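The values are calculated or read from the model by the stated rules, or taken from the named source; none is laboratory data. Just so you know, these numbers come straight off a predicted model, no measurement behind them. Reconstructed Cβ throughout: ideal geometry from the backbone, glycine too, with neighbour counts over all protein chains shown. For the accessible areas, the whole protein counts, side chains as well, though only heavy atoms, and no ligand, DNA or RNA atoms are used. Shrake-Rupley method; radii C 1.70, N 1.55, O 1.52, S 1.80 Å.
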Amino acid sequence: MARRGARTPLLLWLSLLLLLRPGGTLGCALVAVGSRVVPLGSAVTASCTIHREWCQGLEDGRPRISWMLDNEPVAGSQRRGAGGTEVSNLTVAQFNRTQAKLWCCVEWNGTKQRVGMAEIQAGYPPSKPSNLSCLLSLRDYGLTCRWQQGADSHLPTSVVLKCAIPPHPCRRSRAHVVTGCTPQGGGSHCTVPRQLLQLYRPMDIWVAATNALGTAESERLRIDPMDVAQLDPPTLQSIQSVPPQTDCVTLSWAAAPSTAHMELRCELRYRAPEDPTWALVTGIAGQAGTAQCCGLLFGTPYLFQMRCRRDLARGFWSEWSAGRNHTTHEKAPAGKLDAWWSTRPAPGGRLQVQLRWKALLRREANGRLLGYRVALGPRRRGREPLTVCNTTDTQCEFTAPAGTRRVYLFAYNTAGESAATEVVLLERKGQPLAGLWARPGGERSLWVRWEAALAPVAAYVLEWQRVPSEPRCCSACWQMERNGAATAALIQDGIEPFQRYNISVYPLYKDAVGLPVHVAAYSKQKAPSHAPKLHLKTISKSHAELCWDSVPVELQNGFITNYTIFCANSTAEVSSAVVNSSLSSFVIRDLKPSTLYKVHIMASTAGGSTNGTSLTLVTMVLDDVEIQFLFLTLGLIFILLIALLICFQKNGRVKQQLWPSVPDPANSSLGKWVPAELQQVRATG
């Protein structure tokens with residue numbers, strides 16, 4: 001028996017090898033499916049037929065057939081077929097996998113053995129390719145086409161680019177269709193070689209995508225390959241300034257050798273480093289030649305580029321040529337400088353002058369400015385006025401003789417000096433403006449508006465200063481409005497959000513400078529960075545007086561509109577009061593005696609609010625007057641008690657002082673005395 005038991009595992013292993021060997025049970029089942037490629041989500045039908053005479057090692061009796069989709073069991077039906085076969089049919093109502101293996105299994109020795117398999121794929125028909133475009137290279141005359149693939153079909157899909165020459169309208173012939181190229185690696189572009197192209201003739205080009213479920217084609221593109229040729233860029237050979245007209249330049253150019261046989265139309269573009277966009281010159285025709293550009297700024301570096309395409313064609317422009325730099329000639333600065341000044345007496349009877357001015361615009365500088373010069377008089381033939389300041393800055397301070405009323409400002413570069421800007425040092429004694437307002441113009445700008453002056457005004461000067469800031473003269477913190485009829489101006493230089501600015505406006509009259517008017521403004525506000533810290537000033541049983549310091553200007557982030565005091569007791573009853581921003585103290589009334597309260601303050605601006613830290617306070621049981629009265633009463637009682645105690649200690653003496661002894665009339669001699677008449681009456685009786 002022991003030897004027989006040892007043989008049983010050996011037989012099991014031999015049977016298993018027989019099932020798995022080629023030609024064994026693995027090949028004794030025939031799995032058939034309706035289609036091995038189906039639309040995703042559709043039904044799949046399959047059958048598994050087992051021939052017992054083909055199978056070896058199966059147990060006696062009717063084999064039990066089951067199914068597995070990958071590793072998941074699925075239920076099928078089983079019946080006896082012709083010729084002693086066993087047949088199982090399966091229907092998967094909705095096949096939602098892009099790829100799966102369908103296994104047919106039989107029971108053997110209590111386990112499932114896979115005896116047949118069919119692989120099924122699911123997906124969609126190919127999507128229609130779109131956005132087809134082509135470009136012809138003149139280097140090898142290959143036509144490179146690109147397109148946009150449709151949605152993924154989840155199935156192996158072949159994509160080809162097809163070309164056809166349309167039949168001649170006067171001839172009966174069919175278009176000859178050829179496969180132009182096939183993209184590599186599933187890409188969406190490929191290149192049709194030169195030998196498959198017909199240059200200077202229209203061709204139909206399209207993309208066809210094919211898989212097991214169908215074919216989709218893009219819209220056909222009919223083009224002459226030469227119309228979509230991208231030319232090589234031309235070459236800029238030289239650039240020279242035109243001597244009589246220093247705001248013009250002449251450029252020499254030549255087409256690329258690969259375009260020597262074509263008629264070209266070209267464009268030229270240029271810009272300075274500070275320019276946001278390019279200036280464009282069109283209508284340049286030919287194979288080579290010169291082009292002229294005018295209206296350039298003096299003393300300014302420019303970058304020039306050029307491109308070409310076939311004349312009268314709808315093809316592509318070439319790439320822009322390599323850039324070529326050129327700096328135009330300089331010219332003496334032009335234009336007047338905006339200047340602003342302040343004066344004060346200096347020692348020795350002289351005049352201390354602080355002069356500021358705005359830098360010239362680029363179109364007025366006519367080159368790179370070397371500096372500015374301030375003189376006490378204009379330059380005249382044979383006479384050089386005294387120069388009191390020569391600087392590269394936009395401000396200077398100097399002393400001038402008493403009575404000086406005019407100074408002259410010049411800008412200069414390597415080509416010369418500008419005409420003098422006369423600065424009349426008017427006194428600040430004129431009539432001020434009647435009203436001034438400011439509002440945000442954006443996060444980094446402010447609109448300033450004022451009421452027009454009654455007297456004629458030549459110009460206005462606007463000054464602004466960030467708060468807090470050390471008093472200083474900032475060359476960028478002022479501007480001049482030369483339109484005397486203006487009543488508003490936009491200031492932008494140096495304006496930052498959440499910062500306060502003090503703005504001053506001076507009217508410039510013909511013979512004086514008006515006194516300034518002032519206004520404070522923010523370009524944008526937000527909640528304060530900090531709220532004030534509360535301090536307890538006084539407290540009683542029914543009220544508490546609080547005080548606080550104002551929020552520093554640099555932490556306000558806006559104008560403080562109000563403060564809100566919140567008070568909460570131990571039962572979470574909360575009350576609040578809004579306090580004017582000009583106040584720095586507040587009295588909370590109607591409090592309960594001997595009660596704990598938590599109080600905090602909230603500071604608000606137009607941009608938000610910020611809460612401060614909490615302050616804990618406890619009200620008193622009695623008021624001060626009540627406490628004083630209580631102490632007085634207790635003192636009097638104490639004094640009375642002391643007095644009584646003394647009285648009891650010295651009872652006899654006190655009693656003698658307060659209640660002296662009175663003689664008893666009955667025991668007195670007078671009580672025993674009888675008048676003589678009464679004595680005689682008694683004797684007679």
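Dividing the alpha-carbon Rg of region 434-522 by 2.2 N^0.38 Å yields what?
Details: Rg = 12.7 Å, N = 89, 2.2 N^0.38 = 12.1 Å.
Against the compact-globule rule of thumb, the ratio is 1.04.
Compute the normalised compactness of the chain: alpha-carbon radius of gyration over 2.2 N^0.38 Å, N being the residue count. Could the numbers behind the result be given before it?
Numbers: Rg = 55.0 Å, N = 685, 2.2 N^0.38 = 26.3 Å.
Dividing the Cα Rg of the chain by 2.2 N^0.38 Å gives 2.09.
Based on the mean of other beta carbon atoms within 10 Å per residue, what is the order of 557-566, 316-325, most packed first? Intermediate results must be reported in sequence, preceding the final value.
Numbers: 557-566: 18.7, 316-325: 15.6.
Top to bottom by mean Cβ count within 10 Å: 557-566, 316-325.
On the full set of protein chains, 1.4 Å probe, figure out the accessible area of Lys112 and give it in Å² to the nearest 10.
Spelled out: Lys112, probe radius 1.4 Å, area about 100 Å².
For Glu417 and Glu119 in one chain, what is 0.36 nm times their gap in residues minus the Cα-Cα distance, to one decimal in nm?
Numbers: separation 298, 0.36 × 298 = 107.28 nm, distance 9.01 nm.
Extra length from Glu417 to Glu119 when fully extended: 98.3 nm.
What distance in nm separates the two pseudo spin-label positions at Val424 and Ser127, each 7 Å out from Cα along the beta-carbon direction?
7.6 nm
For the pairs Lys429/Lys526; Lys358/Lys524; Lys331/Lys524; Lys524/Lys592; Lys358/Lys510, flag any whose C-alpha to C-alpha distance is greater than 32 Å.
Lys429/Lys526; Lys331/Lys524; Lys524/Lys592
Just the number please: accessible area per residue for the chain, 1.4 Å probe, all protein chains included, in Å².
On the way: 39610 Å² over 685 residues.
Value for the chain: 58 Å² per residue.
Contour minus end-to-end for Asn71 and Asn390, with contour as 0.36 nm per residue of separation and end-to-end as the Cα-Cα distance?
Numbers: separation 319, 0.36 × 319 = 114.84 nm, distance 9.16 nm.
Separation in residues times 0.36 nm, less the Cα-Cα distance, equals 105.7 nm.
With θ set to phi - 60°, apply the Karplus curve 6.51 cos²θ - 1.76 cosθ + 1.60 along region 332-344 and write out the HN-Hα couplings as whole Hz, x wherever there is a Gly or Pro.
Values per residue, Gly and Pro as x: 4, x, 10, x, 9, 9, 7, 10, 9, 9, 8, 10, 7 Hz.
With an 8 Å Cα cut-off and a minimum separation of 6 or more residues, compute the relative contact order for the chain in percent.
Numbers: 1519 pairs, mean separation 39.2, N = 685.
In percent, rounded to a whole number, it is 6.
May I ask you to list the trypsin sites (Lys or Arg not before Pro) in region 176-262 that are in a DSSP loop and have at most 15 other Cβ atoms within 10 Å of their Cβ? Mind showing how you got there, number by number?
Details: sites: Arg194, Arg220, Arg222; in loops: Arg220.
Taking region 176-262 and a limit of 15 other Cβ atoms within 10 Å, the loop trypsin sites (Lys or Arg not before Pro) found are Arg220.
Arrange the peptides 41-52, 487-498 so that the one whose residues have, on average, the most other Cβ atoms within 10 Å appears first.
Details: 41-52: 17.8, 487-498: 16.1.
Averaged packing, sorted descending, gives the order 41-52, 487-498.
Taking the alpha-carbon centroid of each part, what is the distance from region 88-141 to region 255-328 in angstrom?
With region 88-141 and region 255-328 each reduced to a Cα centre, they are spaced 55 Å.
Under a crude label model (7 Å from the Cα following the beta-carbon direction), how far is Asp227 from Asn325 in nanometres?
Calculated label separation equals 4.3 nm.
Along the three principal axes, how long is region 29-123 when you take its alpha carbons, biggest first, rounded to the nearest angstrom?
Dimensions of region 29-123 along the principal axes of its Cα atoms: 42, 26, 18 Å.
Angle, helix 624-649 long axis vs. longest principal axis of the chain, Cα atoms, 0 to 90°, nearest 10?
For 624-649 against the chain, the angle is about 40 degrees.
Can you compute the helix-only [θ] at 222 nm over the chain? Use -39500 (n - 2.57) per DSSP H run of at least 4 residues, normalise by all residues, nearest 500 deg cm²/dmol.
Working: 7 runs with 74 residues, N = 685.
Result for the chain: -3000 deg cm²/dmol, rounded to the nearest 500.
Rounded to the nearest 0.05, what FRET efficiency is calculated for Trp437 and Arg271 with R0 set to 51 Å and r the Cβ-Cβ distance?
On the way: r = 40 Å, r/R0 = 0.79.
Once rounded, the FRET efficiency stands at 0.80.
Please compute the net charge surrounding Val353, taking Lys and Arg as +1 and Asp and Glu as -1 over other residues with Cβ under 12 Å from its Cβ. Let's see the in-between values first.
Numbers: positive: Arg344, Arg350, Arg356, Arg405, Arg406; negative: Glu397.
That works out to +4.
Report the label-to-label distance for Thr215 and Asn562 in nanometres (one decimal), using points 7 Å from each Cα along the Cα→Cβ vector.
About 8.0 nm separates the two model spin labels.
Starting at the first residue of region 121-137, write each ³J(HN,Hα) from the Karplus equation 6.51 cos²θ - 1.76 cosθ + 1.60 with θ = phi - 60°, in whole Hz, x for Gly and Pro.
Using θ = phi - 60°, the values come out as 10, 9, x, 10, x, x, 7, 6, x, 9, 6, 6, 9, 9, 9, 9, 8 Hz.
Share of antiparallel DSSP beta bridges in the chain, in percent to the nearest 5? All intermediate terms of the calculation are to be shown ahead of the outcome.
Values: 184 of 191 bridges.
If we restrict to bridges inside the chain, about 95 percent are antiparallel.
Read phi for every residue in region 264-274 and hand back ³J(HN,Hα) as whole Hz from Karplus 6.51 cos²θ - 1.76 cosθ + 1.60, θ = phi - 60°, with x for Gly and Pro.
Result, rounded to whole Hz: 10, 10, 10, 10, 10, 10, 7, 6, 8, x, 8.
Considering only DSSP states other than H, G, I, E and B, which GluC sites (Glu not before Pro) in region 179-277 qualify as loop sites with at most 16 other Cβ atoms within 10 Å?
Working: sites: Glu217, Glu219, Glu263, Glu267, Glu274; in loops: Glu219, Glu263, Glu274.
Answer by residue number: Glu219, Glu263, Glu274.
Return one number: the angle in degrees, 0 to 90 and rounded to the nearest 10, between the long axis of the Cα atoms of helix 2-20 and the longest principal axis of the Cα atoms of the chain.
Value to nearest ten degrees: 70.
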